[in-house]
Amino acid sequence: MKGSKIDKETNGRILTFLDMNWSISMIIKELKINNIYVSKAHVSRLKNGMLNNSNETLNINKKEHKRTRKNNIINEKKIKRLKSMASKPNPISQAQMAKRLDISESSVRYHLKNTIGFSLVSKKKVHHLTVREKDIRMKRSKLLFPFIKDNLDKIISTDEKFYRLDDCNKETKRLYIKKGQNRKVVSTYKKSKSFCKGIMVWAGISLNGKTNIYFAEPGVKISADYYISNILKPFIEKDLKSLYPNNNGILQQDSAPSHTSSKTLNFLEIQNVKFIPPYMWTPNSPDNTPCDYWLWSELDRRISYRKARTIKGLKKVLKDEFEKIPQESIKKAFLAWPTRCKNIYKANGGNIENFI
């Protein structure tokens, strides 16, 4: 009743409404329907009381959290364990180290750096080599090193790479829906299993300049016949004569089946084209040809700023950016070649990233 004292039951109802995030005016109207009259000030006092109780609970939790903090005091035994974990070839993460030692990650970082004297570095990514490949690489690099050192100004390093279109899969994992909209109407996302469309690119570089860039039509298998007709013949007629008018240029190619085919090698001999003989080709060696260790990554970097969504557009982007590569950069990449080849021999045919 109006003017009567507010009992505990009414206060309980008000607190329940406040828990339901009702506004003060809504609570007053609801109680008024049942002939219960309360002031805004009274509801506000109850609301502020709830907030104060909530803050007190929060402060208690903070104090409990402080009491349960990890003990960051680290003794000599833990230092030895930490050093042992960090000294392994494939060490666990700092978070795992902290968990095993029951200390904080910041303590792990501090003692690794200041007490033990370790620095965290990233491993260099290298390609996998079998024992047989290492043995062949060592033997052939011993023959190849003096050859490229004496003929570096005559060699045309060539290679091919497959480039894909940018919009491989137009579907995305995300979709915006309106608030309250049923999620059942959202379409599903299917991960594409098919490869994106793309094109095979062939190009060459030398200390005298670049070749033209050649493209194999999508879906075409590059056999020895296709390689001879569509790559080697135009290369000999246009590029070789242009770069080395005295016909003293030396072709370097990798050990792809279309390159090592007897039909291909016979064609080169008939055309009087000099080439590095197969017994000098180092297998599985992306670290030993200028196209592999420099050209393709440089071209990748340049075309990353231009998005191609058609095969025609991709051809144009690749051709434009390849032609823009300065000769000074090519020269720098070429001059590093003999040293790389020598390092393969010094590494007994193994990876040379630690020598670079």
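When each of the peptides 322-329, 202-209, 130-137 is scored by how many other beta carbons lie within 10 Å of its residues on average, the order from highest to lowest is 202-209, 130-137, 322-329.
Filter the cross-link list Lys241/Lys324; Lys178/Lys307; Lys123/Lys307; Lys88/Lys125; Lys154/Lys324; Lys80/Lys113 down to pairs whose alpha-carbon distance in this structure exceeds 26 Å.
Values: Lys241/Lys324 21 Å; Lys178/Lys307 32 Å; Lys123/Lys307 31 Å; Lys88/Lys125 18 Å; Lys154/Lys324 22 Å; Lys80/Lys113 14 Å.
Violating the 26 Å limit, Cα to Cα: Lys178/Lys307; Lys123/Lys307.
Helix 337-346 and the longest principal axis of the Cα set of the chain meet at an angle near 80°. Helix 40-67 and the longest principal axis of the C-alpha atoms of the chain enclose an angle of approximately 50°. Going by Cα centres, region 254-301 and region 112-154 are how many Å apart? Region 254-301 and region 112-154 have Cα centres spaced 20 Å from each other.
Could you work out the per residue convex hull volume over the alpha carbons of region 308-356, in cubic angstrom? The partial results should precede the final answer.
Values: hull volume 5.4 nm³, N = 49.
It is 111 Å³ per residue.
The helix-only estimate of mean residue ellipticity at 222 nm for the chain, built from DSSP H runs of length n ≥ 4 each weighted as -39500 (n - 2.57), is -13000 deg cm²/dmol after division by the residue total. Structure note, pairs Lys161/Lys342; Lys149/Lys331; Lys139/Lys346: Cα-Cα distances above 22 angstrom occur for Lys161/Lys342. Restricting attention to the chain, close to 70% of DSSP beta bridges with both partner residues there are antiparallel. Per the Debye formula with a single identical scatterer at each Cα and no solvent contribution, what log10 I(q)/I(0) holds for the chain at q = 0.11 Å⁻¹? Listed by q, the Debye log ratios stand at -0.94. Does region 241-351 come out rounded, prolate or oblate by the C-alpha gyration tensor, with a ≥ b ≥ c the root eigenvalues, rounded set by a/c under 1.5 and, if not, prolate when a/b is larger than b/c and oblate if not? Cα axes put region 241-351 in the oblate bin. Starting from the Cα gyration tensor of region 76-116, take the square roots of the eigenvalues, sort them a ≥ b ≥ c, and report rounded, prolate or oblate (rounded when a/c is under 1.5, otherwise prolate if a/b is larger than b/c, else oblate). Note, shape of region 76-116 comes out rounded.
Where a number appears in this text, it was derived from the coordinates with a stated rule and is not lab data. This structure is a prediction, so every number in the text was calculated from the model and none was measured. Here the Cβ is made from the backbone with ideal geometry for all residues, glycine too, and neighbour counts use every protein chain on show.
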